[in-house]
C-alpha cells in the first residue's frame, strides 16, 4: 500500500468522527430552537398551571402582588398570581433569586407588579403545592397587553 493511501486511511476515521460530532451538535441547536418555538405555542392561564407540573410552557396572568424577601436565604423575589390573594394562597408564583436580579434592568417586584405577563419555563411546585417557575433571565417574562374591559 502506498504511503499516500495509508495516510488517507489513518486520517479518514478521525475526520468521520469530526463530521459526526458536528452533525450531532448542529442537530442539537436546531432541536433546541424547535423546542423554544413549541414552548411559545404552549401558553396556559395561571389557573391551569397545577395540571402541568413538570412541563415546560408559558404561564400567563396578572401579577397581583410582589415581594423582595431580603431576609430569606437566597433573597428571593416573588411574583404572585391569583384572584383571591392574599386571602387565599396564590394560584401561581414566579421566583427570581437574588443572584439573577442583576440581569434584570429594573427591580422585578416594582416593574411587574400589576402587569399581565407570560412566564416561560418548567413548572414545579413549592412545598405547599403551589405551582411555580424559576425565572433566571428577563427573557423568560414577557409583558402582555392588558385585555380591554
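State which residue is farthest from the chain's Cα centre (by Cα) when the search covers only segment 126-135 and only residues that are part of a loop (DSSP other than H, G, I, E, B) and surrounded by 14 or more Cβ atoms within 10 Å (Cβ to Cβ). Checking each candidate, the answer is 130.
Would it be correct to say that residue 48 is part of a helix (DSSP H, G or I), surrounded by fewer than 19 Cβ atoms within 10 Å (Cβ to Cβ) and either assigned by TED's automatic domain parsing to the domain that holds residue 137 or at positive phi (or both)? Yes; evaluated as a whole, the condition is true for this residue. Is it true that some residue in segment 68-83 is at pLDDT 95 or above, under 16 Å from the mean Cα position of the chain (by Cα), surrounded by 21 or more Cβ atoms within 10 Å (Cβ to Cβ) and under 12 Å from residue 132 (Cα atoms)? Yes, segment 68-83 contains at least one residue that is at pLDDT 95 or above, under 16 Å from the mean Cα position of the chain (by Cα), surrounded by 21 or more Cβ atoms within 10 Å (Cβ to Cβ) and under 12 Å from residue 132 (Cα atoms). Among the residues of segment 43-50, are any touching a strand residue (DSSP E or B) at 6+ places or on another chain (Cβ under 7 Å) and more than 19 Å from residue 145 (Cβ to Cβ)? Scanning segment 43-50, I find at least one residue that is touching a strand residue (DSSP E or B) at 6+ places or on another chain (Cβ under 7 Å) and more than 19 Å from residue 145 (Cβ to Cβ), so the answer is yes. Within segment 119-147, residues that are at positive phi reach partners that are assigned to a loop (DSSP other than H, G, I, E, B) and crowded, with 18+ Cβ neighbours inside 10 Å with beta carbons closer than 8 Å, at six or more positions or on different chains, in the pairs 121/135.
Considering (1) at pLDDT below 95; (2) surrounded by 10 or more Cβ atoms within 10 Å (Cβ to Cβ), the lone condition that residue 1 does not fulfil carries the number (2).
Checking 66, 88, 71, 124 one by one, the residue that is in contact with a strand residue (DSSP E or B) (Cβ under 7 Å, 6 or more places away or on another chain) and farther than 22 Å from residue 42 by Cβ is 66 and no other.
The values are calculated or read from the model by the stated rules, or taken from the named source; none is laboratory data. Everything quoted here is computed from the prediction, not taken from an experiment. A quick note on method: Cβ atoms are made from the backbone with ideal geometry, for glycine too, and the neighbour counts reach across all protein chains shown.
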